[in-house]
Amino acid sequence: GNSVTQMEGPVTLSEEAFLTINCTYTATGYPSLFWYVQYPGEGLQLLLKATKADDKGSNKGFEATYRKETTSFHLEKGSVQVSDSAVYFCALSDPNRDDKIIFGKGTRLHILP
Amino acid sequence: DAGVIQSPRHEVTEMGQEVTLRCKPISGHDYLFWYRQTMMRGLELLIYFNNNVPIDDSGMPEDRFSAKMPNASFSTLKIQPSEPRDSAVYFCASSGSGTGKSNEQFFGPGTRLTVL
């Protein structure tokens, strides 16, 4: 079945450091891929998405590229800020099968000033 | 757009009591999802509806949990009787089939349930 595996946290970085959170997936067909972010005390919100191979999703300085050959969708940001501290979820959906989104376990990110 | 609305935001109850969580999805969305989030198990999908009809309830933990969607603008998740292990944050999310392939879900702020 479809699944998502992302690196375990917590990840602790200093402000302005480079960020990578790894995510790989298993799916049949051609899923859509997402990164969601959850700030403290809030629900999840979509950060970026990609719907086909080689697409790059980007938002708020974050980027992720849909790599079908490596079944990966790693999240990157060149210079993190304290306000980026949150939990990040990699996720996929297979619209040809159903409308559920399969979420990874989440990676907690702490940015130190 | 008000987004997904959940109530109450916090609920504290005693073991054995009935708990009802409420959700109003975004107007025009035809999918509604209920999730539970805990430190131990992470984010779990409990049940989801399409056009008010339950599609998949395989994530509902046991018979103490039930969910209804009487109309397109309202859903409830009920726990009866509640137990301390039900303590968690419960999220409602909605999405629209007209969004195309991406199926983006919009989450509410959650209800933090504590069962003593």
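The values are calculated or read from the model by the stated rules, or taken from the named source; none is laboratory data. Computed from a prediction, not measured in an experiment: that's the story for all the values here. Glycine also receives a Cβ, built like all others from the backbone with ideal geometry; neighbour counts cover every protein chain displayed. For the accessible areas, the whole protein counts, side chains as well, though only heavy atoms, and no ligand, DNA or RNA atoms are used. Shrake-Rupley method; radii C 1.70, N 1.55, O 1.52, S 1.80 Å.
In summary, the lysines within cross-link reach of A:Lys105, defined as a Cα separation below 24 angstrom excluding same-chain residues under 8 places away, comprise A:Lys49, A:Lys52, A:Lys56, A:Lys60, A:Lys68, A:Lys77, B:Lys101.
A 1.4 Å probe over all protein chains sorts B:Met40, B:Met60, A:Met7 by accessible area into B:Met40, A:Met7, B:Met60, starting with the largest.
Taking the convex hull of the alpha carbon atoms in region A:5-54, what volume per residue do you get, in Å³?
On the way: hull volume 6.0 nm³, N = 50.
Residue-normalised Cα hull volume stands at 119 Å³.
Of the residues A:Lys100, A:Lys49, ranked by 1.4 Å probe accessible area with the largest first, the sequence reads A:Lys49, A:Lys100. In this entry, region B:6-47 is assigned a mean projected area of 4.1 nm², taken as a quarter of its C-alpha convex hull surface.
At q = 0.22, 0.24 Å⁻¹, what is the log10 ratio I(q)/I(0) for region B:56-116, with the Debye formula run over Cα points and no solvent? So the normalised log intensities work out to -1.08, -1.19. Taking all protein chains together and rolling a 1.4 Å probe, B:Met15 ends up with roughly 120 Å² accessible. Considering only Cα atoms, the convex hull volume of chain A works out to 92 Å³ per residue.
Would you mind giving the three semi-axes, in whole Å and largest first, of the ellipsoid equivalent to region A:52-113 according to its Cα gyration tensor? List each step's numbers first, then the result.
Values: eigenvalues 121, 45, 17 Å².
Output for region A:52-113: semi-axes of 25, 15, 9 Å.
Considering only protein heavy atoms, with the full assembly of protein chains and a 1.4 angstrom probe, order B:Arg22, B:Arg112 by accessible area, largest first.
Details: B:Arg22 100, B:Arg112 130 Å².
Largest to smallest exposure gives the sequence B:Arg112, B:Arg22.
Our Cα-only numbers for chain B put the radius of gyration and Dmax at 13.6, 43 Å. Using a probe of 1.4 Å, the accessible surface attributed to B:Ile26 totals some 20 Å² when neighbouring protein chains are kept in position.
Region A:3-81 and region B:102-116 have their alpha-carbon centroids 21 Å apart.
Give the interface area between chains A and B as buried accessible surface, both sides summed, probe 1.4 Å, in Å² to the nearest 100. Numbers along the way, then the final one.
Numbers: alone 6220 and 6480 Å², together 11020 Å².
Roughly 1700 Å² of accessible surface disappears when A and B pair.
Dividing the convex hull volume of the alpha-carbon atoms in the protein assembly as shown by its residue count gives 123 Å³ per residue.
Accessible surface computed residue by residue for region B:27-116, with neighbouring protein chains in place and a 1.4 Å probe, gives 45 Å² per residue. Within the accessible surface of region B:23-116, defined with a 1.4 Å probe on protein heavy atoms only, the carbon and sulfur portion equals 53 percent.
Leaving ligands, DNA and RNA out of it, report the carbon-plus-sulfur percent of the accessible area of chain A at a 1.4 Å probe.
Numbers: 2530 of 5390 Å².
Its accessible area is 47 percent carbon and sulfur atoms.
Under the convention that each Lys and Arg Cβ holds +1 and each Asp and Glu Cβ holds -1, the size of the dipole of chain A around its Cα centre is about 200 debye.
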